[in-house]
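**Student:** Following this message is one structure expressed as structure tokens.
The values are calculated or read from the model by the stated rules, or taken from the named source; none is laboratory data. These numbers come from a predicted model, not from an experiment. Because the Cβ atoms are built from the backbone with ideal geometry, glycine has one as well, and the counts that use them run over all protein chains shown. Please note that ligands, DNA and RNA were not included when accessible areas were found on the heavy atoms of the full protein model with its side chains. Shrake-Rupley method; radii C 1.70, N 1.55, O 1.52, S 1.80 Å.
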Amino acid sequence: MASIFTARSKARRFLIQAIYQWQMAQSSLDELTLQYEVQVIEKSADVDYFNAVLAGVLAEVATLDEAIIKASGRPLDEMTAIALAGLRLGCYELMHRVDVPYQVVLDESVSLQDRFGAVEGRAFVNGVLEALAKLHRDTEYKQQ
């Protein structure tokens with residue numbers, strides 16, 4: 001079972017990069033999938049998870065952004081691009097990937113901010129995703 005989590009963690013590293021690239025260059029889903037496909041496979045990342053989540057984030061971006069704005073109380077243009085990419089990824093997982101425990105989403109999101117983002121992005125992303133977890137994973141959240 002640990003290998004599934006490791007493969008998904010690796011997929012999330014590529015996902016945050018692909019979402020960031022989409023934000024900056026508006027690359028299409030097909031372009032991003034093609035560009036990251038070899039790297040995802042070579043690094044033993046979960047290819048199916050990468051493809052499904054990337055497609056989902058891009059398809060649901062308006063809904064995700066609305067939830068992020070509401071939870072953060074800030075407009076998107078006040079967020080760093082890497083924090084926004086991480087929030088879009090984490091928000092999507094909280095809303096649509098109930099197979100992933102909310103605490104895993106929070107932990108992985110903070111880890112990605114540590115790896116790719118600014119120091120202050122860590123607390124911001126954690127706080128926003130915690131608020132989203134209360135809304136979208138209420139029962140699971142209350143059990144913790």
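**Student:** Could you give each residue of segment 94-109 its phi-based ³J(HN,Hα) in whole Hz, using Karplus coefficients 6.51, -1.76, 1.60 with θ = phi - 60°, and x for Gly or Pro?
**Tutor:** Each residue of segment 94-109 in turn: 5, 7, 10, 10, 5, 6, 9, x, 4, 5, 5, 4, 4, 4, 5, 5 Hz.
**Student:** I need the chymotrypsin sites (Phe, Trp or Tyr not before Pro) found in segment 1-96, filtered to DSSP loop residues with at most 12 other beta carbons within 10 Å of theirs.
**Tutor:** Qualifying residues, ordered by number: none.
**Student:** Moving to a separate point now. Would you compute, for the Cα atoms of the chain, the largest minus smallest coordinate along each principal axis and list the three values in descending order, in whole Å?
**Tutor:** Principal extents (largest minus smallest coordinate, Cα): 38, 37, 28 Å.
**Student:** May I pose another question? Taking the chain as a Gaussian network, where each spring joins two C-alpha atoms under 10 Å apart, which residue of Leu132, Leu89, Leu29 fluctuates the most?
**Tutor:** Residue with maximal mean-square fluctuation among Leu132, Leu89, Leu29: Leu29.
**Student:** Just by accessible area at a 1.4 angstrom probe, what is the order of Met95, Met79 from largest to smallest?
**Tutor:** My answer, sorted largest first, is Met95, Met79.
**Student:** If we count every other residue with Cβ under 13 angstrom of Ile41's Cβ, Lys/Arg +1 and Asp/Glu -1, where does the sum land?
**Tutor:** -2
**Student:** Under the 0.36 nm per residue contour assumption, what length would be gained going from the current alpha-carbon distance of Asp114 and Ala81 to full extension?
**Tutor:** 10.5 nm
**Student:** Now, a different point. Would you calculate, for the chain, the mean residue ellipticity at 222 nm contributed by helices, counting each DSSP H stretch of 4 or more residues as -39,500 (n - 2.57) and dividing by all residues, to the nearest 500?
**Tutor:** Mean residue ellipticity, 222 nm, calculated: -26500 deg cm²/dmol.
**Student:** Here's a follow-up. Could you please state, rounded to a whole Å, how far the C-alpha centre of segment 94-144 is from the C-alpha centre of segment 33-70?
**Tutor:** About 16 Å separates the Cα centre of segment 94-144 from the one of segment 33-70.
**Student:** Summing +1 for each Lys or Arg and -1 for each Asp or Glu, what net charge is found among the other residues whose Cβ lies under 13 Å from the Cβ of Leu112?
**Tutor:** In short, +3.
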